[in-house]
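First the structure, in the form of structure tokens, and then the observations on it.
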Amino acid sequence: MMACMQSAGMFSICTDANHYTANATSIDVTINNYHGARMRYEIHLQLYDGVSWINTGYTSGHLLNYVVKKFALAGQRQGNYRLYGKIRYDDEPGIVGEYYTPSFRVDR
């Protein structure tokens with residue numbers, strides 16, 4: 001089971017699990033681009049601290065088809081996390097989409 005966010009026919013952002021045990025070393029994130037144009041992405045790993053979501057990790061780049069990124073779990077706290085993504089396509093530079101995955105659990 002994965003925590004996934006999909007935009008119909010455009011892209012998806014998915015983790016490799018929806019629960020990470022204390023033995024897990026990373027969260028593997030797959031970003032798929034179905035649109036066909038080059039895409040710029042910014043992905044934040046966010047922890048819910050009981051009041052709000054705080055950024056605990058970040059990655060960014062460009063892709064045409066797909067990419068797999070890793071967020072190391074060393075030093076991360078136990079709790080509920082999510083991914084927050086900002087997506088922009090090169091052929092539509094004025095449009096930036098903001099998306100969230102469902103939350104997932106990290107045990108330490």
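Miscellaneous remarks
- With a cut-off of 12 Å between beta carbons, the residues surrounding THR56 carry a summed charge of +1, where Lys and Arg count +1 and Asp and Glu -1.
- When +1 charges are put on Lys and Arg Cβ atoms and -1 charges on Asp and Glu Cβ atoms, the dipole computed for the stretch 4-106 relative to its Cα centre reaches about 200 debye.
- Cα-based equivalent ellipsoid of the chain: semi-axis lengths in Å, sorted from largest, via gyration tensor: 25, 14, 11
- Per DSSP, loop chymotrypsin sites (Phe, Trp or Tyr not before Pro) in the chain with at most 14 further Cβ within 10 Å: TYR34
- Here's the picture: charge each Lys and Arg Cβ at +1 and each Asp and Glu Cβ at -1 in the chain, and of ALA37, ALA22, GLY79 the one pushed furthest to the positive end of that dipole is ALA22.
- Counted by Cβ distance under 9 Å from TYR89, the other residues give a net charge of 0, where Lys and Arg count +1 and Asp and Glu count -1.
- Neighbours of ARG40, meaning other residues whose beta-carbon lies under 10 angstrom from its beta-carbon, give a summed charge of +1 when Lys and Arg score +1 and Asp and Glu score -1.
We did not get these values from a lab; they are worked out from the coordinates using the rules stated. Remember, it's a predicted structure, so these values are computed and weren't measured experimentally. Positions of Cβ are generated from backbone atoms using ideal geometry, with glycine treated the same way; all protein chains shown enter the neighbour counts.
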